[in-house]
Amino acid sequence: RYAHSGGLRFDTSNHSDIQVSSPIDGYLSRASVYMVDTEVQYAFEIYHPCGRLITIDHIRSLTDKFEDIVEPITPVLDKASMVDVEPTLVKAGELIATAAGLELADSTFVEIGYYNLTAINSAANSRDFRQEHHNDALYSWHGLCWLESLPGESMRKLLELPAADTDQGKVSDYCSEP
């Protein structure tokens, strides 16, 4: 499956040491509750009115506000099953979850996607790329490198970290930095 997002691994951290906050002001309007083996995972889409979208995935232990949002959603086996929820204002820095990753797999991580819905990205300028990813155009054609939106020193530090994905490494259709 094509990954149009990127993640952060916290190999020396406990799952409950990770606090996940919204990186932007926006409206949470889609959510997913899904199972990985026997563990419940959550994913959210937060839209900013300027046309930017942030996805946050593989989070657990939601705060009360976000637990209330997902309470009526039945867990499914496919994380791609996002459902519409009542749009809820989310502020940048607002705490969403107090744990991340898969506890049974001893894997502490969070997955982040960053998208500009007002224009296609440079990868989608390629006809071959568009044909290959026509089934997930919303994400793959509009994906951006969220690392490049960070302040220079933060971006540099993260790019210096080793890749956690043993298949793709640091290969990216969106990031210009190696």
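The values are calculated or read from the model by the stated rules, or taken from the named source; none is laboratory data. Keep in mind it's a predicted model, so treat the numbers as computed, not measured. Neighbour counts are summed over all protein chains in view; Cβ atoms, including those assigned to glycine, are modelled from backbone coordinates with ideal geometry. Surface accessibility is based on the protein's heavy atoms, side chains included, excluding ligands, DNA and RNA. Shrake-Rupley method; radii C 1.70, N 1.55, O 1.52, S 1.80 Å.
A compact table of results
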{"read-out": "Filtered residues of segment 93-143 (kept if open to solvent by 30 Å² or more (accessible area, probe 1.4 Å), more than 19 Å from L8 (Cα to Cα) and of a type in the set (G, A, S))", "value": "A119, S122, S126"}
{"read-out": "Close pairs from segment 122-134: first modelled with pLDDT of 90 or more, partner assigned to a helix (DSSP H, G or I) and charged (D, E, K, R), Cβ under 7 Å, at least 6 apart", "value": "A124/R130"}
{"read-out": "Single residue of K65, K79, K91 found to be under 18 Å from the mean Cα position of the chain (by Cα), basic (K, R) and at pLDDT 95 or above", "value": "K91"}
{"read-out": "Tabulated pairs, segment 81-101, first without any contact (Cβ under 8 Å) to a residue 12 or more places away in the chain and over 18 Å from H48 (Cα atoms), second open to solvent by 60 Å² or more (accessible area, probe 1.4 Å) and outside any strand (DSSP E or B), C-beta under 7 angstrom, 6+ apart or interchain", "value": "none"}
